[in-house]
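Step one of this worksheet: look at the structure below.
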Amino acid sequence: MAENNKILKINNIEVRYHEVILVLKGVSIEVPEGGIVALLGANGAGKSTTLKAVSGLLGHEDGDITDGSIEFLGEKIHRLPAEQISKRGIFQIIEGRRVFDHLTVEENLLVGAHLRPSGLKERLETVYHYFPRLRERRTVMAGFVSGGEQQMCVIGRAMMALPKLMLLDEPSMGLAPLLIKEIFEIIQRLNREERIPILLVEQNVKLALTVAPHAYVMENGRIVMDDTSEKLKENPDIRDFYLGLTDVGGRKSFREVKHYKRRKRWLA
Amino acid sequence: MDLFLQLFITGIMLGSIFALVALGWVLIYKCSGVLNLAMGELTLIGGYVCLWLYQSLVKTMPLMTAFLLAIVGTLIIGLILGLLTERIFLRKMIGEPILAVIMVTVGLSFFFKGMVFIIWDTDTQVFLPRVFPIEPVVVGGVAIGQVYIWSFVAAMLLMVIFVCFFKYTRWGLSMQACADDEMAALSLGVSAKFVYALAWAIAFMAAGVGGTLLGNINGLNYSVSLLGLLVLPVVVFGGLNSVPGAIVGGITIGLLQNFAGGYLDGYFPGGIKEIAPFIFMVVFLLFKPYGLWGWERIERV
């Protein structure tokens with residue numbers, strides 16, 4: 001792929017929490033224009049932290065980018081506060097379906113349009129076009145709709161912001177398989193029809209590799225693999241660790257045990 | 001029966017002022033989780049600022065114009081003071097333990113009170129010339145002071161404006177969103193800092209008008225700031241983060257206080273009017289700790 005059509009470039013970033021705990025140890029990721037890129041890995045690998053580094057939400061959790069840079073549309077954004085990054089069109093959908101419980105579904109969507117308060121009617125229609133279920137539930141308090149509808153609500157909410165890049169954190173978390181399939185189809189359509197580039201963090205590797213043409217694999221704060229989904233699906237390690245396609249009881253992780261122990265002691 | 005009606009109507013009208021101040025309180029709590037113990041001093045400041053503006057303006061223009069301008073001026077100064085207070089004293093406390101922030105508001109309350117006494121002295125001051133005629137309006141055999149009627153109208157008007165602001169404006173919705181889930185609101189570009197500043201500004205404005213109205217009824221002195229304590233039973237009753245709760249709570253406490261004063265004061269040597277709301281609060285908490293419409297956490301099972 002040509003160099004110039006990457007809209008997001010994460011260059012070798014290092015992230016620390018509370019100025020001590022090193023979570024990302026040099027992560028580089030690129031997202032092409034109009035593409036979907038998946039970021040895979042086990043719990044605690046640093047996937048969500050990577051997303052928060054891009055969206056600027058790290059600051060909210062006392063995290064800081066101590067090295068490297070993040071470029072969005074050619075502009076360095078890693079020193080900007082979260083609001084400024086949102087203004088440039090990057091919106092993160094935080095994991096765990098964080099709807100505003102005490103607002104109705106429609107009000108939730110309207111808050112999504114906070115930074116772009118014009119043409120709300122049409123945009124609501126677009127969201128309801130992709131998520132017809134939200135239209136039925138639009139006057140219900142978001143805290144009381146089902147988990148799947150909440151996930152749709154938060155994705156719709158981010159759509160209302162007319163994102164130039166969507167950071168999607170584990171949309172499948174805690175949902176029924178059929179529902180996950182439905183949501184992933186909608187995500188693909190959003191990418192195709194609305195041309196929204198998506199950086200997708202996902203535990204469901206099989207599904208993620210079918211949706212995203214390109215994927216990165218993270219372990220222990222580092223990118224350990226980076227290839228097209230076709231190749232990754234054939235990779236014996238991926239088949240072993242993530243797709244569960246080999247003998248049970250084999251190696252389960254790249255993580256070096258020694259390093260892990262050392263880190264534990266440092267934390268204690 | 002006349003006494004009852006009299007107490008009932010003035011109770012509602014007095015209560016509407018409590019409701020207005022409680023609204024400001026609820027707002028800060030809703031947005032930032034801070035129990036603002038300086039609310040009474042905000043009312044005090046508002047009252048004195050309005051009095052000062054009124055007395056300087058009234059020399060040059062008609063009574064009502066001067067008063068309305070003074071209220072507008074109070075709102076503007078309230079807005080500025082609110083933004084400043086948030087910026088200077090509370091911005092740095094974002095992310096600190098909530099108890100520490102509450103202690104800051106206690107400190108603020110003493111600071112504000114001190115400032116008011118330094119600037120305006122501790123004597124009772126009244127709005128002179130009187131803004132509202134002293135003759136009461138007689139409705140169905142019940143005499144109601146005009147000042148009560150206008151206070152009621154003003155408080156209701158302001159409350160309608162605030163409620164519409166929350167329901168129908170962009171920043172109103174975003175403020176509620178921020179109260180619900182700060183991180184998620186932040187991810188959508190809602191600036192939490194601005195939301196807090198706005199909450200303090202609105203609280204200052206509501207309290208300022210409340211203080212002005214009370215000052216018109218009883219005169220302005222230290223005791224106006226006791227309203228800051230009275231706000232607590234109001235919001236406990238209505239639910240700490242419910243706007244309609246603050247309104248209903250305010251009116252209920254107003255009624256309660258008036259009835260206690262009218263019917264029970266004779267039986268207690270020190271009078272019971274002042275403490276009735278607090279007795280009510282303690283008993284009420286036993287049965288409904290979240291208040292009438294407070295947010296219980298929505299737990300999904």
Answer yes if at least one residue in the stretch B:130-147 is surrounded by 15 or more Cβ atoms within 10 Å (Cβ to Cβ) and part of a helix (DSSP H, G or I), and no otherwise.
yes
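Output the residues belonging to the stretch A:89-110 that are facing chain B (nearest Cβ under 7 Å) and over 16 Å from A:ILE198 (Cβ atoms).
Just the residues of the stretch A:89-110 that are facing chain B (nearest Cβ under 7 Å), to begin with: A:91-92, A:94, A:98, A:100-103, A:107, A:110.
Those that are facing chain B (nearest Cβ under 7 Å) and over 16 Å from A:ILE198 (Cβ atoms): A:ARG98, A:PHE100, A:ASP101, A:HIS102, A:LEU103, A:GLU107, A:LEU110.
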Being of a type in the set (D, E, K, R) and in contact (Cβ under 8 Å) with a residue 12 or more places away in the chain is the filter here; which residues of the stretch B:220-273 pass it?
B:LYS273
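Give the number of residues within the stretch A:43-76 that are of a type outside the set (Val, Ile, Thr) and in a helix (DSSP H, G or I).
Going through the stretch A:43-76 one residue at a time, the tally reaches 11.
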On the given criteria, is B:LEU69 without any contact (Cβ under 8 Å) to a residue 60 or more places away in the chain and either out of contact with any His (no Cβ under 8 Å at 6 or more places or on another chain) or buried (at least 19 other Cβ atoms within 10 Å of the Cβ) (or both)?
yes
Do we have A:LEU80 as more than 8 Å from chain B (Cβ to nearest Cβ) and assigned to a helix (DSSP H, G or I) here?
no
Taking the conditions exactly as written (within 30 Å of B:LEU128 (Cα to Cα), among the aromatic types (Phe, Trp, Tyr) and assigned to a helix (DSSP H, G or I)), does B:PHE204 satisfy them or not?
yes
Picking from A:GLY34, A:GLY41, A:GLY74, which residue would you name as being surrounded by 15 or more Cβ atoms within 10 Å (Cβ to Cβ), under 24 Å from A:PRO197 (Cβ atoms) and either in contact with a strand residue (DSSP E or B) (Cβ under 6 Å, 6 or more places away or on another chain) or away from every other protein chain (no Cβ under 14 Å) (or both)?
A:GLY41
Consider B:GLY219 carefully, then state whether it is over 24 Å from B:CYS164 (Cβ atoms), of a type in the set (Gly, Ala, Ser) and touching a strand residue (DSSP E or B) at 6+ places or on another chain (Cβ under 8 Å).
yes
Confirm whether B:MET61 is surrounded by fewer than 18 Cβ atoms within 10 Å (Cβ to Cβ), modelled with pLDDT under 90 and either of a type outside the set (Val, Ile, Thr) or outside any helix (DSSP H, G or I) (or both).
yes
Can you report the number of residues in the stretch B:33-56 which are over 16 Å from the mean Cα position of the chain (by Cα) and surrounded by fewer than 24 Cβ atoms within 10 Å (Cβ to Cβ)?
6
For the stretch A:111-133, name all the residues that are within 10 Å of chain B (Cβ to nearest Cβ) and surrounded by fewer than 21 Cβ atoms within 10 Å (Cβ to Cβ).
A:LEU115, A:ARG116, A:PRO117, A:LEU120
Looking at the stretch A:156-165, can you tell me whether even one residue there is among the basic types (Lys, Arg) and within 11 Å of chain B (Cβ to nearest Cβ)?
yes
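Looking at the structure I just gave you, is A:GLN188 within 13 Å of chain B (Cβ to nearest Cβ) and either closer than 27 Å to A:ALA42 by Cα or acidic (Asp, Glu) (or both)?
Against the criterion (within 13 Å of chain B (Cβ to nearest Cβ) and either closer than 27 Å to A:ALA42 by Cα or acidic (Asp, Glu) (or both)), A:GLN188 does not qualify.
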It is to be established whether one or more residues within the stretch A:94-107 are surrounded by fewer than 17 Cβ atoms within 10 Å (Cβ to Cβ) and among the aromatic types (Phe, Trp, Tyr).
no
Would a scan of the stretch B:150-171 turn up a residue that is farther than 22 Å from B:ILE102 by Cα, within 14 Å of chain A (Cβ to nearest Cβ), basic (Lys, Arg) and under 22 Å from the mean Cα position of the chain (by Cα)?
yes
Give me the residue from the stretch A:207-266 that is among the aromatic types (Phe, Trp, Tyr) and at pLDDT below 65 and, out of that set, farthest from A:VAL15 (Cα to Cα).
A:PHE254
Test B:GLY145 against the criterion of being out of contact with any Lys or Arg (no Cβ under 7 Å at 6 or more places or on another chain) and closer than 28 Å to B:GLY11 by Cα, and give yes or no.
yes
Scan (1) touching a Lys or Arg at 6+ places or on another chain (Cβ under 9 Å); (2) farther than 23 Å from A:VAL201 by Cβ; (3) away from chain B (no Cβ under 11 Å) for the single condition A:PHE144 breaks and write down its number.
(3)
Can you tell which of A:ASP226, A:ASP237 is acidic (Asp, Glu) and either touching a Gly at 6+ places or on another chain (Cβ under 9 Å) or not in a helix (DSSP H, G or I) (or both)?
A:ASP226
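B:GLY210 - would you say it is buried (at least 20 other Cβ atoms within 10 Å of the Cβ), in contact with a helix residue (DSSP H, G or I) (Cβ under 8 Å, 6 or more places away or on another chain), under 25 Å from B:TRP295 (Cα atoms) and modelled with pLDDT of 90 or more?
no
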Take the conditions away from chain A (no Cβ under 14 Å) and either of a type in the set (Lys, Arg) or on the phi < 0 side of the Ramachandran plot (or both) and apply them to B:GLY107. Does it pass?
yes
From the list A:SER86, A:SER55, A:SER69, which residue is more than 14 Å from chain B (Cβ to nearest Cβ), modelled with pLDDT of 90 or more and out of contact with any Asp or Glu (no Cβ under 8 Å at 6 or more places or on another chain)?
A:SER69
Determine whether the stretch B:97-106 contains at least one residue that is closer than 17 Å to B:SER225 by Cβ and either in a helix (DSSP H, G or I) or touching a residue at least 12 places away in the same chain (Cβ under 8 Å) (or both).
yes
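The values are calculated or read from the model by the stated rules, or taken from the named source; none is laboratory data. Because the structure is a prediction, the values reported are computed rather than measured. Here the Cβ is made from the backbone with ideal geometry for all residues, glycine too, and neighbour counts use every protein chain on show.
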